[in-house]
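For reference, the structure is listed below as structure tokens.
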Amino acid sequence: MESEDGIPFVKRVKSERGWVRIAKKRLPILSWAPHYDRMTAVADLVAGVTLGLTLVPQSIAYASLANLPVQYGLYSSFIGTMLYVVLGTVKEVSIGPTSLMALFTLQICRGLPVEFVVLLTFLSGCVVLVMGLLRLGFLVDLISPSVTSGFTSATAVIIVAAQLKGLLGLSFTAESVGDNIRHIVAKWDDVRHADCALGAVCCTVLLLLRQLKDVRVSEKRTTLKRALWLVSIGRNALVVLAASTLAYFLHNPEKPLFKLSGRVEPGLPSVSAPPFSASLDNSTVTFVDMVQELGSAVVMMPIVMVLANIAIAKAFTTGGRIDATQEMVTLGLCNMAGSLVHAMPTCGAFTRSAVSHSSGVRTPAAGLYSGIITLLALIFLTQYFYFIPKACLSSVLICAVIFMIDFRVIVRLWRRDRVELCVLALTFSVSLARTVELAVLAGALASLAVLLRAVMRPAVHMHTVKTAQGPVVRVRAALGVMYVNAELLARRVLAAAERAAPRPVLLDCAHFAMLDYAATQVLERLIKKMKASEQKLIMYNVSPELLPKFERLAGVDKRPLRANTPSAALALADSELASKEDVALLAEHV
């Protein structure tokens, strides 16, 4: 049956279905929007408003951490959340500024104009987008959980150290944890008692409010339970509002009681192309100069972005299965679009994603409502951001990141894998001594070195087994045979042959996962050498995938390769006149 244009109807329908499937995969909103109902909209509205109450104060605090004007944190908060509504696959993920991205930005762009930050956002988005299109998400798997835990914990320590000056009302520039401590000690006499007291109160209140959601309440008192939960989730907004109100009423322009955030640029950001030149030290630097100044961060920042985003997506996805390609494409586009409104680098935030999850979010549409709240804050509230005390922002940051320090993983690794604990310690130390960017690279290389060592020096077990034909020596390797470990296996087999002479040696290949060309050469030399000494090398238990490679080995006895027990292998090796059918039957049943 053909349509009017001559195209077979069935073929046309299949083609349309294919396009629909691709469109739904790359625009996930097409999957859930047709089923969007009133109850879902109400649930997303509640979750979005709750998320917005968390997002606004966090964005202000993260901009402060990155040493940027407050408004840049808000500029970074609405584009990602709104784009994720259309492109995102995990309903809980909230794209926006995070403590990790803010710290990276601070370390990379310290002392540079804001144009470098915006360009970093754009370039990071481009790299993440390319990674997604080329399906390079597997690169993130090269960074082990120990490395992630190491630089995450170090990030928390660095942020806490950097924000102590805000709690104490001090002002100085420092590049490391040690510098912060030295400056605080040197300026201890300048500590502002009012800021110190406000910071202590804010920290105490934040930590107490954090526990409200865990207070046990009778199941019948649902209203009270929801109220406690809402206050706990919105604690950052409540504390910032209370501290700003106090600062507003106690404000004395001639002698301010607290150090304040200062004037915030009112209104929405202008839309413009990312800056490809900037003024630095009274001269204009070109795009190439700016990229050279940013250095390896142009690659490392995107890798950490993807690492954080995919980890969060997995945490909130049933079964831990996600479309990594779509997540990377979405994250790249969010940062590229964010650079058009002067945003700092963004990615998913675990704390905000947890807020969305606990708020009962049902679709990514919740990000639309939180983005609208950010826009309303930029339009109507920027004049009041002037009165936000810096001590309050420092309190918000400290209370958000101290729980990122994972002490339990140290105990677990000490008991189970001390090599991985060393990798964690290396990553943590490099983060504190140098930069988080360098620490991720050092940790990843250390993890790969540990893995390579395990491959190069696999466990090779050699022991005597009893068979129907008498005791024989069996050699069993734990990994596949490759160029990096083939010689080691050959030495162990020769040692076993010397021990077993003149009886044959069995090589159990059950755990062989791969066999490269260099390894085949080593095995052929081994077979030849043992034949020269009039001793047999019997290989057995070969997997079907590797069987063709083993059968092509020069001089190999092919009959026992399929056998799965030592007795069967010996019986097949001794059956000189056995037919192929007999060999197959014996390999299966002996």
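When the residues Val419, Val409 are ordered by accessible surface, computed with a 1.4 Å probe over the protein chains alone, the sequence from largest down reads Val419, Val409.
Each listed q (0.23 Å⁻¹) maps to a log10 I(q)/I(0) for region 13-141, found by the Debye formula over equal Cα scatterers with no solvent: -1.35.
Shown is the FRET efficiency for Glu534 and Leu452, computed with R0 = 51 Å from the Cβ-Cβ distance and rounded to the nearest 0.05: 0.85. What the phi angles of region 515-523 give under the Karplus curve with 6.51, -1.76 and 1.60, with θ = phi - 60°, is a coupling list of 8, 8, 4, 4, 5, 4, 5, 5, 5 Hz, glycine and proline written as x.
Straight-line cross-link partners of Lys255 among the lysines, defined as a Cα under 23 Å from its Cα and at least 8 positions apart when in the same chain: Lys165, Lys187, Lys390.
In summary, the convex hull built on the alpha carbon positions of region 477-571 has an orientation-averaged projected area of 5.3 nm². The phi torsions of region 341-353, fed into the Karplus equation with coefficients 6.51, -1.76 and 1.60 and a -60° offset, translate into couplings of 10, 6, 7, 8, x, 9, 7, x, 10, 5, 5, 5, 5 Hz, rounded to whole numbers, with Gly and Pro shown as x. For the peptides 555-565, 289-299, residues were scored by their other Cβ atoms within 10 Å and the scores averaged per peptide; the highest-first order is 555-565, 289-299.
Over region 216-363, the ratio between the Cα radius of gyration and 2.2 N^0.38 Å evaluates to 1.48.
Debye-formula intensities of region 320-445, expressed as log10 I(q)/I(0) at q = 0.19 Å⁻¹, are -1.40 (one equal scatterer per alpha-carbon, no solvent). Got a sec? Charge dipole of region 6-138, +1 on Cβ for Lys and Arg, -1 for Asp and Glu; which of Thr50, Ala66, Phe138 is way out at the positive end? In region 6-138, that residue is Phe138. With Cα atoms as the point set, region 63-216 shows a radius of gyration and Dmax of 18.7, 56 Å.
Could you list log10 I(q)/I(0) for the chain at q = 0.05, 0.13 Å⁻¹, which the Debye formula gives when each Cα is one point scatterer? For the chain, the Cα-only Debye profile gives -0.33, -1.26.
Annotation: extensible slack from Arg434 through Ala518 equals 26.2 nm (criterion: 0.36 nm per residue apart, minus Cα-Cα distance). Here the label points at Arg408 and Ala311, each 7 Å from Cα along the C-beta direction, are separated by 1.5 nm in the simple model.
Rounded to the nearest 10 degrees, what's the angle between the helix 418-433 long axis and the longest principal axis of the chain, both from Cα atoms, 0 to 90? The angle comes out at about 30 degrees. Computed from Cα positions, the angle between helix 99-109 and the longest principal axis of the chain comes to roughly 80 degrees. Length gained on full extension, His461 to Arg182: 94.9 nm, using 0.36 nm per residue less the C-alpha separation.
All Cα-Cα distances of region 478-527, cut into 5 Å bins from zero to the largest, leave 5, 21, 30, 27, 12, 6 percent in each bin in turn. Surface analysis of the chain yields an accessible area of 50 Å² per residue, using protein heavy atoms and a 1.4 Å probe.
With a Förster radius of 35 Å applied to the C-beta separation of Leu212 and Val191, the computed FRET efficiency comes to 0.65.
Computed over Cα pairs, the Kirkwood radius of region 414-503 leads via Stokes-Einstein (1.567 mPa s, 4 °C) to a diffusion coefficient of 81 µm² per second. For region 189-302, the fraction of C-alpha pairs farther apart than 23 angstrom is 63 percent. Here the peptides 462-471, 174-183 are ranked by packing, the mean other Cβ count within 10 Å, and the order with the highest first is 174-183, 462-471. Annotation: peptides 393-404, 331-342, ranked by per-residue average of other Cβ atoms within 10 Å with the highest first, follow the order 331-342, 393-404.
Of all DSSP beta bridges confined to the chain, the antiparallel ones make up roughly 60%.
The alpha carbons of region 394-551 stretch over 77, 31, 28 Å along the principal axes, in descending order. Of the solvent-accessible surface of the chain, computed with a 1.4 Å probe over protein heavy atoms with every protein chain present, carbon and sulfur atoms account for 62 percent.
P(r) tail, region 117-168: Cα-Cα pairs separated by more than 15 Å, 68% of all pairs. Ranking Glu254, Glu437 by solvent-accessible area of protein heavy atoms (1.4 Å probe, all protein chains present), from largest to smallest, gives Glu254, Glu437.
The values are calculated or read from the model by the stated rules, or taken from the named source; none is laboratory data. Keep in mind the model is a prediction, meaning the values are calculated, not measured. Because the Cβ atoms are built from the backbone with ideal geometry, glycine has one as well, and the counts that use them run over all protein chains shown. Areas reflect the complete protein model, heavy atoms only, side chains present, ligands, DNA and RNA absent. Shrake-Rupley method; radii C 1.70, N 1.55, O 1.52, S 1.80 Å.
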